[in-house]
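A short write-up of the structure that comes next.
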């Protein structure tokens, strides 16, 4: 009997093991097309089990910064912070040493509307959207050069090891009039790549955030995500249009490498939620602006789903952190950790509302605000 029981036990174990693998196979689909790996995930995310530990926290007042609008982590762990209001950059080394540089203006090393900061070995790069140029400094904050953008206006720029990665918005593809005399203009967002020769080439295109015009007034849509491009440790970048539930991977030579898709991740926008947002907008609006609010919330403009991502950052070449989109002023606490090498998607909550800015491994660099509006840059490690 002992002998006959052994193969049965092994068979049961084998069957249980196959069931587990089949479950994984049903949730993940990996295919290859022309050298581009497509990862498709279906179903719900697993729970992110563990604890958050705060390893560092610095108030913006320490550097006299008004608003930390962007941050990046360099190859050596140095954190670069951008203040779009005072138009300054602060570098903070892993040892805690810091230095600030930059100022408002149109001269060399000055900014008018800085929107992003990137790092490469020995250099810091700031994209000035209004002047349409990438301003480069050395690691000591000394001005090095300016690189003008091509003729087409760019929305955002990151510098990767293989060259410049730029987001370009093309407006006016289609129009849709409504009963409130407002016009909805669709857009296309393109990811352009400029390798060392400096010639931009369109890598891919996706639907972009729409715009609503009422006469000559541009109205913000109450539910609209913005395109994102962020550097990947070791080279390359991650790109997300914000609306589509996908992350596109670009390698260090600026070539399309892979794409992660999660079609089940978007939440529908019902009439009740739309009306709740409308009432909140009316309550916080200025007198006489109810007509603009009505135009913004015309039912024709109600999207079928919430945008997927508010922010996307790469913790490593294979790990991507996604902050879920949240309508309103406060950022969502919901985050997703996507590990392509292990084929896992896990969800969790940040310790408190915070804006995800950058990541290295499972350490997130976030921005928080207190009740007085004072911002802090904090390092949260998931263990």
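Here are some notes:
- Taking 0.36 nm per residue of separation and subtracting the current Cα-Cα distance, fully stretching the chain between residue 347 and residue 371 would add 5.9 nm.
- Bins of 10 Å, starting at 0 and running to the largest distance - Cα pair percent for region 250-368: 11, 34, 29, 18, 7, 0
- Size of region 202-302 as Cα extents on the principal axes (Å, biggest first): 52, 32, 22
- Projected-area mean, region 296-338, by convex hull of Cα positions, square nanometres: 3.9
- The modelled label-to-label distance between residue 283 and residue 381, using points 7 Å beyond Cα along the C-beta direction, is 4.1 nm.
- Chain lengthening between residue 299 and residue 33 when straightened (0.36 nm per residue, less Cα-Cα): 91.8 nm
- Whole-Å distance, taken between Cα centres, linking region 207-246 and region 62-120: 23
- With 5 Å bins from 0: P(r) over region 63-148, alpha-carbon pairs, percent: 3, 17, 31, 28, 16, 5, 1
- Here the peptides 44-54, 342-352 are ranked by packing, the mean other Cβ count within 10 Å, and the order with the highest first is 342-352, 44-54.
- FRET efficiency for residue 221 and residue 143, using Cβ-Cβ distance with R0 set to 35 Å, rounded to 0.05: 0.40
- Computed lengthening from residue 98 to residue 54, 0.36 nm per intervening residue step minus Cα-Cα distance: 13.9 nm
The numbers here are math on the coordinates, done by the rules we state, and not lab data. Since this is a predicted model, take the numbers as computed values, not measurements. Glycine gets a Cβ as well: all are built from the backbone with ideal geometry, and neighbour counts include every protein chain shown.
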